[in-house]
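Structure first, then comments.
The values are calculated or read from the model by the stated rules, or taken from the named source; none is laboratory data. Model, not experiment: these values are computed from the prediction. Please note: Cβ atoms are built from the backbone with ideal geometry, for glycine as well, and neighbour counts cover all protein chains shown. Please note that ligands, DNA and RNA were not included when accessible areas were found on the heavy atoms of the full protein model with its side chains. Shrake-Rupley method; radii C 1.70, N 1.55, O 1.52, S 1.80 Å.
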Amino acid sequence: MITIVYAHPWDGSFNNAMLKETKKVLNNNGQEYTLIDLNKDNFNPVMTQNDLSVYGKSGFKDPVVDKYIQILQKTEKIIFIFPIWWMGAPAILKGFFDKVFLTNKIVSFEGKKFTKVEKALLLTTSEFTTERLIKELDDPIKVVEYPIKSMGVSKIKWHNLGNIILSEKPERVEFFKQINNFVEDLI
């Protein structure tokens, strides 16, 4: 099973268009998938005192965290679709990692594996060009890759449409066309 983790609040965004195209490719290939739409689920990314009271024992208080853990434990491949804002993932995605990627449930720092996930695909947009993100800003995608690698994922591919605000229609169209290849490469 493939899981898509989507983190963008606006249905009119290029990220939403990428999500729709990703779902279309999966459907056309007869591929089963589950969508975790963090904004539509009203996921609360804030780690509260109540959450922290059980966090050290790999516990959780938020019922949606249990739902997400169950999905991730059945997942074989994962796709993340999100914008890069201020050189990092949106707060809702960061909170997803904070609250859901629990030791001995999803991640292990001792080499154990709690999920079946082997491959991950990251589809992002950013205001800076991809080259500038990597060279000048110390590659902000590393912050997202670390929790994914902690799941035991061995293959992560990242594709970014940089300069999203100033990009012309041909650049967007070309990136959009490539989504089919990106997703098929994962499956």
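Quick look at the numbers
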| quantity | calculated |
| --- | --- |
| Dipole magnitude (debye, nearest 20) for the range 33-114, charges at Cβ of Lys, Arg, Asp, Glu | 200 debye |
| Loop GluC sites (Glu not before Pro), the range 38-125 (other Cβ atoms within 10 Å of the site Cβ: 10 or fewer; DSSP) | 110 |
| Å² of accessible area per residue within the chain, as computed with a 1.4 Å probe and no ligands counted | 52 Å² |
| Computed accessible area, residue 154, all protein chains, 1.4 angstrom probe, square angstrom | 80 Å² |
| With all protein chains modelled, accessible area of residue 47 [1.4 Å, Å²] | 60 Å² |
| Electrostatic dipole magnitude of the chain [Cβ: Lys, Arg +1; Asp, Glu -1; Cα centre; debye, to 20] | 520 debye |
| Pair-distance profile P(r), taking every C-alpha pair of the chain, with 10 angstrom steps and integer % | 9, 37, 38, 15, 2, 0 |
| Whole-percent carbon and sulfur share, accessible surface of the chain, 1.4 Å | 51 percent |
| Exposure ranking of 33, 55 by accessible area [1.4 Å probe, largest first] | 55, 33 |
| Net charge of neighbours whose Cβ lies under 10 Å from the Cβ of residue 115, counting Lys and Arg as +1 and Asp and Glu as -1 | +2 |
